[in-house]
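Data block below; observations after.
Only the coordinates and a few stated rules stand behind these numbers; no lab work does. Being a predicted model, the structure only gives us computed values, none of them experimental. Counting neighbours? That spans all protein chains shown, and the Cβs are built from the backbone with ideal geometry, glycine included.
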Amino acid sequence: MRTPVKLAAFAAAAGVAFGAAALAGGAVDPLRDGDEPAGHGHADAGHDAPAANEAAGGTPPGLATAEDGYALVPERTLLPGAGPAEIAFRIVGPDGEAVRRFAIEHERRMHLILVRRDLTGYQHLHPRMDASGRWSVRTTLPEGGVYRVYADFRAGGTSRTLATDLHVGGEYRPRALPAQTHDDATAGYTATLEAHDARGGATAEVTYAIARGGAPVTDLQPYLGADGHLVALREGDLAFLHVHPEEGAEPGQIRFAAEFPSAGRYRLFLQFRHDGRVRTVAHTVEVPR
């Protein structure tokens, strides 16, 4: 993206549940991606800037399961425990019918983000839609707890993020964010993060340097139409940002411009593709006032 993308802040919504700059890092398992083939068209120019933000006192996107006449309607509301599960839902439009026309954005018509409320267990899934407008995807939830689920899509000419909580039965042992470090590693890759001028309400340059075996990775393969894909979540209310990188980064680097709406800790999940596989790394950014 060429312009900074504001991270919309939202509180936890009391909706229905699905069924089926100091830095810190911690290894994350490889991305669970859907098996939908790539190449379904090019992504749109990018997500719309939020219509309102905290400073303006407006209602940010992702606050609830419904907005502007569009609603996220799950098939089930609870899961009895961890393990394999199907997540199925519909997006209902202002006419009360299931929406079946979605624009391609970042090479997919639907992005489903799943993360436990302690910011562990992150997954990025791409459900499939049938002729009736029913979206579904199978995944595995490794542990019990309360998960936040985001349906990120573009319909009716506007990008939308509808979110709700998923309650998974079983023992829940929340984890603290990892210890402070600039680096996170997965499967032999190291991602070093620098967040320049990260302050609440200001634009920050967020740059990742990707290395393998100590050498820069200069031949990253496109993933969702770009060198990397970033989701950031704010600790506490799990405010959401979904953005692709800016152009012109040095080889072996991925650069983003993001505006953090407030001071606080944010968990950043980066995905990139190399040697035909998508890798996921995670860092915590502490944004001062």
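Derived scalar couplings between HN and Hα for the stretch 193-206 equal 10, 10, 10, 7, 6, 6, 9, x, x, 10, 7, 10, 8, 10 Hz in order, rounded to whole Hz, by the Karplus curve 6.51 cos²θ - 1.76 cosθ + 1.60 (θ = phi - 60°), x for Gly and Pro.
The label-point distance for R212 and T140, in a model that sets each label 7 Å from Cα toward Cβ, rounds to 2.4 nm. A cut-off of 5 Å between modelled amide H atoms, ignoring neighbours fewer than 5 places along the same chain, links G201 with F260, S262. Can you give the Kirkwood hydrodynamic radius for the stretch 102-160, in Å, rounded to one decimal and based on Cα pairs? So the Kirkwood estimate lands at 12.6 Å. Taking amide H atoms as placed 1.01 Å from N in the peptide plane, the amide H of L241 lies under 5 Å from those of A232, each 5 or more residues away in sequence or on another chain. How much net charge surrounds D275 when only the other residues with a Cβ under 12 Å from the Cβ of D275 are counted, with Lys and Arg +1 and Asp and Glu -1? Its environment carries a net charge of +3. The alpha-carbon atoms of the stretch 130-289 define a convex hull whose volume equals 162 cubic angstrom per residue.
Using only C-alpha atoms and all pairs of different ones, pull out the Kirkwood radius for the stretch 230-275 in Å with one decimal. When all Cα pairs of the stretch 230-275 are included, the Kirkwood radius is 12.0 Å.
Backbone phi angles across the stretch 275-288, fed through the Karplus curve with coefficients 6.51, -1.76 and 1.60 (θ = phi - 60°), yield HN-Hα couplings of 6, x, 10, 8, 10, 10, 10, 9, 9, 10, 10, 9, 9, x Hz in residue order; Gly and Pro are listed as x. Convex hull volume of the Cα atoms in the stretch 199-270, per residue, in Å³? Per residue, the Cα convex hull of the stretch 199-270 comes to 97 Å³. For the stretch 64-70, 3J(HN,Hα) computed residue by residue from phi via the Karplus equation (6.51, -1.76, 1.60; θ = phi - 60°) reads 8, 7, 9, 7, 6, x, 9 Hz, glycine and proline entered as x.
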